[in-house]
1. What's the center-to-center distance, using Cα atoms, between the stretch 293-310 and the stretch 235-258 in Å?
2. If we count every other residue with Cβ under 12 angstrom of Gly256's Cβ, Lys/Arg +1 and Asp/Glu -1, where does the sum land?
3. Before anything else, pin down the relative contact order of the stretch 183-324: Cα pairs under 8 Å, at least 6 apart, normalised by residue count, whole percent.
4. With +1 on the Cβ of every Lys and Arg and -1 on the Cβ of every Asp and Glu, and nothing else charged, how large is the dipole of the chain about its Cα centre, in debye rounded to the nearest 20?
5. State whether the stretch 119-236 is rounded, prolate or oblate according to the following rule on the C-alpha gyration tensor (a ≥ b ≥ c being the square roots of its eigenvalues): a/c under 1.5 gives rounded; otherwise a/b larger than b/c gives prolate, and the remaining case gives oblate.
6. Compute the relative contact order of the chain as a whole-number percentage, counting only Cα pairs closer than 8 Å that sit 6 or more residues apart in sequence.
7. Where nothing but the Cβ of Lys and Arg (+1) and of Asp and Glu (-1) is charged, how large is the charge dipole of the stretch 272-359 around its Cα centre, in debye to the nearest 20?
8. Could you work out how much longer the chain between Val225 and Arg286 gets when fully extended? Use 0.36 nm per residue separation minus the Cα distance between them, nm to one decimal.
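Readers should treat all values here as calculations from the given coordinates under stated rules, not as data from a laboratory. Please read these numbers as outputs of a predicted model, since none were measured by experiment. When we count neighbours, we look across all protein chains shown, and the Cβ atoms used for this are built from the backbone with ideal geometry, even at glycine.
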Amino acid sequence: MASRPTPRGRGAAINPPNRFERFHQEADYEHLQYDDDFLASQENPQTEYFPDHSQTIVTSNDSPDIPYRHTLNPYRGCSHGCAYCYARPTHEYLGLSAGLDFETKIIYKPKAAELFREFLSRPGWQAEPICLSGVTDCYQPAEHHFRLTRGCLEVALEARQPVSLVTKNALIVRDLDLLQEMAKRRLVHVSISVTTLDAELAQQMEPRTSPPPLRLRAVRRLSEVGVPVGVLVAPVVPGLTDWEIPRILQAAAQAGARCACFQLLRLPLTVKPVFLDWLQRTFPLRRRKVENLIRSTHEGRLNSPEFCLRMSGSGLMAEQIAQLFDTFAHKYGLDGGCQGLDSSQFRPPRLPGGQLWLF
């Protein structure tokens, strides 16, 4: 039987069955092995963009694992293509796959800034921090063109609405002008995700993100203009990246990060087949060891669905990783927590055609 083509520059090479769909289509490559055009398209799948005309933009959660209650996501799906991304199963709600579909079929919200403005103008809104990128990265490559995140930041600055941002893309430095103004008013905090300092591993595991040196450069530039910035060491992959924790924290501190935290790898639902397929393709001789170590942090499973265990895991291996992180976070002065945000300055933004504020 003809082998399945491996897409270039993608974290996923498969489209696992959608758990909500009764039928799943699988290509029969044995009968396509002489169709050069088709095989070429499978090796280089193009990213497609589709508008999302949702009428809301801010969502809420009550998870004890998440330090923020409200999130804003301008995009669904993410072309960064991280093999481990916990958000992959969200694409199944759209009738798509958590695999290659998640990183090649990107849904964007063209009215994101307008909807954010409407949300902040609601009479019942009591200002508290909102996180941009609670699910997918708000600075993924699509932001180069659509500029939805920048539009939302403009609204936040106008309204004095505090926000936190999480990204692994150095594109965030494009918005230094807005972030610097917000930082002066204690309205913003940024977390840069750093999984590894190994550029080759990063290119394999998170193929369309910014390389590690550019992320650290982004940390430095944010810090230099007064934007409070921390580093998120996530996810820590036991047997693959856990040994890098000390040097990541050292590099983060040298770049000007003020705080750091970490999360263990978890493989919920259809993230599991995508990551294990990636691991088999990339590190076939280490797959069994890495998988067993992941299981050792989740009581023999690949994911802990329980609150307060999902991100940190349990067992001896998880405890050792946590102790390693705590030791070096303290050594490099990154264990003091991050600066709080100020919600007291909030003022509802002006709606189109509305009256200007007097003060």
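1. If we compute the Cα centre of each part, the gap is 21 Å.
2. Summing Lys/Arg as +1 and Asp/Glu as -1 gives +3.
3. Computed value for the stretch 183-324: 21 percent relative contact order.
4. Here the size comes out at about 840 debye.
5. Here the stretch 119-236 falls in the prolate category.
6. After rounding, I find 19 percent.
7. Details: 12 positive and 8 negative charges, 97 e Å.
So the magnitude is around 460 debye.
8. Difference between extended and current length: 17.7 nm.
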